[in-house]
């Protein structure tokens, strides 16, 4: 927390330092007649200032044009009449980059980028014809705030433009959304290959956002594993073949997500991560690995074991099947609690899940002894399926251990640094 707070203050400090450097750099321009004449010309040619600022901001992919206008105004090199068209143009220019970047995204991404651009363009269309009055209002507002600085007028003009445009467009959002949807119609839905939904390479430059996106993918993976749990034991029933196909499909999906997740985090590891970010990243990797192991048991081991029994025409004894379902139900409950702890980032719940370790080991020991007792009693069904039964007990126990490891990882990266 202290590290992030320090980074916030450092960021603001760098902004002000950068503006101070620009201010000292442009100060000598006031003695250049050509520059002074240019500023006077822009004050009387607002459309040219708007056009130049739009092009510069689009080329630089940055809103630095606004900061430059504030700095020039603070040095007395630019009047409000020259600065405001540049502010409006910079607002439009910065959206051009967003629109270009959205060309490779889905329909919703294109719509969001277009809406951003239209918002600034329409706001400019409203303000530009009354620019003279607008500048007078900003002058009056700035004086009322106890300042006569042109730089403050420019800053106020920027703020009130964005706030005012938002207030104007807010009541018309439904119509605005409909217009954007008509301008960017949905394409006919095409079946897309299964893959990660939240892992966005653009987020890697901001590790906190990348970690959040990856965590959403972990939640999604946990949901898939939870679905597999719901019908895993049905693989030994009369509809076993259909269930095995579903389990195998879901297992393949988890493998795909795990592979894409690993590739994403390899790229994230190359970024400059803080201590807490590194701890969380390592925890995410542990959780994803354990979810994959659980999926492999359900989608490979259970599938193979149930198929082998079906091919041999064998089945568990009624008591053996009941006990396996009982043990699996315990693991399903572990999954429910673990998934909730992941979803809610609940460290206390993760600790509670780990506290059930002895309960799971005691249940497994009792069920294993019960199976051995049936073998000693000479129960034919138990003898025919003993190997499969013991494999299932071992696998279900191992799933529980994976859930305990997941919760241990949650505890570690959710614990605040001392």
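Table for the structure above
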{"item": "Filter result for the condition that a residue is within 30 Å of residue 388 (Cα to Cα), surrounded by fewer than 17 Cβ atoms within 10 Å (Cβ to Cβ) and out of contact with any strand residue (DSSP E or B) (no Cβ under 7 Å at 6 or more places or on another chain), over 343, 336", "result": "336"}
{"item": "Qualifying positions in segment 201-223 - more than 18 Å from residue 333 (Cβ to Cβ) and either buried (at least 20 other Cβ atoms within 10 Å of the Cβ) or touching a helix residue (DSSP H, G or I) at 6+ places or on another chain (Cβ under 6 Å) (or both)", "result": "203, 204, 207, 209, 210, 211, 213, 214, 217, 218, 219, 221"}
{"item": "Given (1) outside any helix (DSSP H, G or I); (2) over 30 Å from residue 7 (Cβ atoms); (3) touching a residue at least 24 places away in the same chain (Cβ under 8 Å), number of the condition residue 238 does not satisfy", "result": "(3)"}
{"item": "Selection count, segment 196-229, where residues are more than 15 Å from the chain's Cα centre (by Cα) and either modelled with pLDDT under 90 or not assigned by TED's automatic domain parsing to the domain that holds residue 337 (or both)", "result": "0"}
{"item": "Residue list for segment 371-387, filter: part of a helix (DSSP H, G or I) and buried (at least 21 other Cβ atoms within 10 Å of the Cβ)", "result": "371, 382"}
{"item": "Residue match in segment 231-251 (condition: over 28 Å from residue 322 (Cβ atoms) and buried (at least 16 other Cβ atoms within 10 Å of the Cβ))", "result": "no"}
{"item": "Residue 341 without any contact (Cβ under 8 Å) to a residue 40 or more places away in the chain and within 30 Å of residue 215 (Cβ to Cβ)", "result": "no"}
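Per-residue answers, yes or no, for (1) assigned by TED's automatic domain parsing to the domain that holds residue 100; (2) surrounded by 12 or more Cβ atoms within 10 Å (Cβ to Cβ); (3) under 37 Å from the mean Cα position of the chain (by Cα):
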position	(1), (2), (3)
125	yes, no, yes
134	yes, yes, no
149	yes, yes, no
160	yes, yes, yes
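Matching residues to (1) under 23 Å from residue 336 (Cβ atoms); (2) in a helix (DSSP H, G or I):
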residue	(1), (2)
215	yes, yes
248	no, yes
252	no, yes
272	no, no
293	yes, yes
301	yes, yes
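The values are calculated or read from the model by the stated rules, or taken from the named source; none is laboratory data. In this text the structure is predicted, and so the values were computed from the model without any measurement. Methodologically, a virtual Cβ is constructed for each residue, glycine included, from the backbone with ideal geometry; neighbour enumeration extends over all protein chains shown.
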